[in-house]
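Down below is the structure, laid out as structure tokens.
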Amino acid sequence: MVLYSHIAQVLIALSIVIIWVFRFYKVEKEFKLYELSDLTRNMVGASKISLSTLLVAGIWYPDLVLVPALMMAALMMAAQYFHFKLKHPFLYHVPSLILLLLSLFIAAVSLKYI
């Protein structure tokens with residue numbers, strides 16, 4: 001299971017980098033739809049990038065994994081909330097839902113529940 005957790009950690013980190021670095025224009029558009037400030041958007045982005053970095057570092061330092069995984073899950077729950085609030089079609093929910101499930105899986109492996 002640890003190997004799968006490591007793969008999930010890298011997948012989350014790659015997804016966050018792709019979205020928050022290379023597709024930032026889409027993030028800007030979405031946060032305007034959600035009526036959230038630029039400061040909020042920047043704080044969320046910095047948090048996600050920091051947490052992703054800790055998840056990758058957690059491959060070598062497993063004690064780092066639990067808190068970032070749970071915090072990432074919380075951010076993905078917030079993303080789900082905003083998709084529901086704007087009544088987006090289910091397809092809009094899928095990316096953050098997958099990252100939410102991966103984060104919870106990582107946390108469960110870290111806690112040795114799996």
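Overview of results
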quantity: Residue ranges of helices (runs of 4 or more DSSP H) in the stretch 25-114 with at least 2 members touching a residue at least 24 places away in the same chain (Cβ under 8 Å) and more than 15 Å from Leu14 (Cα to Cα); calculated: 66-85, 90-110
quantity: Qualifying residue in the stretch 48-60 (condition: out of contact with any helix residue (DSSP H, G or I) (no Cβ under 7 Å at 6 or more places or on another chain) and of a type in the set (A, V, I, L, M, F, W, C)); calculated: yes
quantity: Residue match in the stretch 6-15 (condition: free of Cβ contacts under 8 Å to residues at least 40 places away in the same chain, farther than 14 Å from Leu99 by Cα, surrounded by fewer than 14 Cβ atoms within 10 Å (Cβ to Cβ) and out of contact with any helix residue (DSSP H, G or I) (no Cβ under 8 Å at 6 or more places or on another chain)); calculated: no
quantity: Positions within the stretch 86-114 being within 25 Å of Lys26 (Cα to Cα), of a type in the set (A, V, I, L, M) and buried (at least 17 other Cβ atoms within 10 Å of the Cβ), in sequence order; calculated: Leu99, Leu100, Leu102
quantity: Filter result (under 14 Å from Ile106 (Cβ atoms) and either polar (S, T, N, Q) or at pLDDT below 95 (or both)) within the stretch 3-52; calculated: Ser5, Gln9, Ser15, Ser52
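The values are calculated or read from the model by the stated rules, or taken from the named source; none is laboratory data. Source: prediction; values computed, not measured. So basically every Cβ, Gly included, is an ideal-geometry build from the backbone, and we count neighbours across all protein chains shown.
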